[in-house]
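The values are calculated or read from the model by the stated rules, or taken from the named source; none is laboratory data. Only a predicted model underlies this, so the values are computations on that prediction, with no experimental measurement involved. Cβ atoms come from the backbone with ideal geometry, glycine included; neighbour counts cover every protein chain shown.
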Amino acid sequence: MLKGFASILLKELKELVRDPKILIGIIIIPLILFPAMGAIFGYAEQSAISQAQGAKTLILNNDGGNWSQTLIAYLKAATAKVSVVNNTSPQQAVEQNLLLKYNCTQFVEIPPGFSRNMTLYTAGNTTTKAAVNVYSEFSLGGIFSSIGSTSTTTLVYSFNRAVAPDAIFTTQSSIIKGEIQQNVDPSALSQVLLSQSIILPIAIMILLIYSMQIAATSVAMEKEGKTLETLLTVPVDRFAILMGKLSSSAIVAGAGALTYLVGYGYMLGSVFSGAAANIGSSIDLARLGLVPSPLGYTLLGISLFVTLLSGLALAVIMSAFAEDVRGATALVGYVYPLIFIPSLALMYLDVNTVPLALKAVLFAIPFSQPVIASKAVITGDYLTAGLGIIYVTVFTIVVMYIASRLFATEKILTAKLRFKRRGFEKTKTNSTE
């Protein structure tokens, strides 16, 4: 056994246990973070299931024959939330905003000739099949948002198996930005975009965490080593010192996040190289308008930049109240729930369907704005991205001002955050006496 190992172990454990900043980061933060994450996952799944169960179906009956009435009766028996509109084409339904009018997310078209083809098929002419066309409104929601997109197709399939097996074939089309995209399955499209909805929030989380840790460590190391005092006496503008620390931290953190993203992207590509990749091979996202424009990429970059600056400045402020690197790391860890929870929530939830209070909280946390902007620029919602940039810019200016004022005074050297440890202090006093 190593000589003195037990003594050193006991000494280090005592020092760690006596530091409330570390105990809070190890015990309190996980007790808040993981239950919150579990609540988000559960709420996202239950919300998607509830929406699927409560979804209304609009039927465009352009056939009017007996078989179309039989299909409609079957769908009404399976789900009571069915509305029927006669002699209306899919294009007319989109132009007249019938989905909004009937509070639906998809409609089913029974095209002309459906009853005739069904009659021929049941009479023995199996080469003639009837078509049912399903049109779903696509929205870039959460991971569970596509749960209800196949419910109507499943009902049509069950009708097909119950009445005349293989008599009906179903086509899937998407309504994207008010335009019908023929033969584009919304569930397959969601799978194609799934990797983007996962990779980008994770990359943003890693970038923010790396940058804040580097910035906090930079200040704490110089404060612990007493070199910060020397640096502040150099005839250089103190705001320049602050900006130099923030800029260097941003560069190093960006490089680290890039390498992480490359490795994570390779891993995710290997996972989705099977069915999802094959499904997405025939989907041209650029043609569908689901690739950010140059303006969209610019807005996303600005959003990420100002959010990164706010995180760096906040890390510098928090590290000023730490006595050493370990304390600075613990203090910065308190901010992690404000990074993880919004990013994961926006990954799993459709922000447009959550309660107003929760939506307000998500938008109020500045670290959630890059994730919101990433979804907004894909759908062309530049207003949401722009308002988020304005909000984070104001927040960043306030934080930068506080950080600059901190560097302009001697508080950067003397500020300390102490927790009272009455039992320890009492023991220390008694031993002195």
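Some observations on this one:
- Scanning region 296-319 turns up no residue that is assigned to a loop (DSSP other than H, G, I, E, B) and not charged (D, E, K, R).
- Any hit, region 381-391, residues being at pLDDT below 85 and buried (at least 19 other Cβ atoms within 10 Å of the Cβ): no
- The requirement of being closer than 28 Å to residue 178 by Cβ and crowded, with 18+ Cβ neighbours inside 10 Å is satisfied by residue 377.
- Among the residues of region 74-131, those identified as free of Cβ contacts under 8 Å to residues at least 40 places away in the same chain, assigned to a helix (DSSP H, G or I) and basic (Lys, Arg) are 76, 101.
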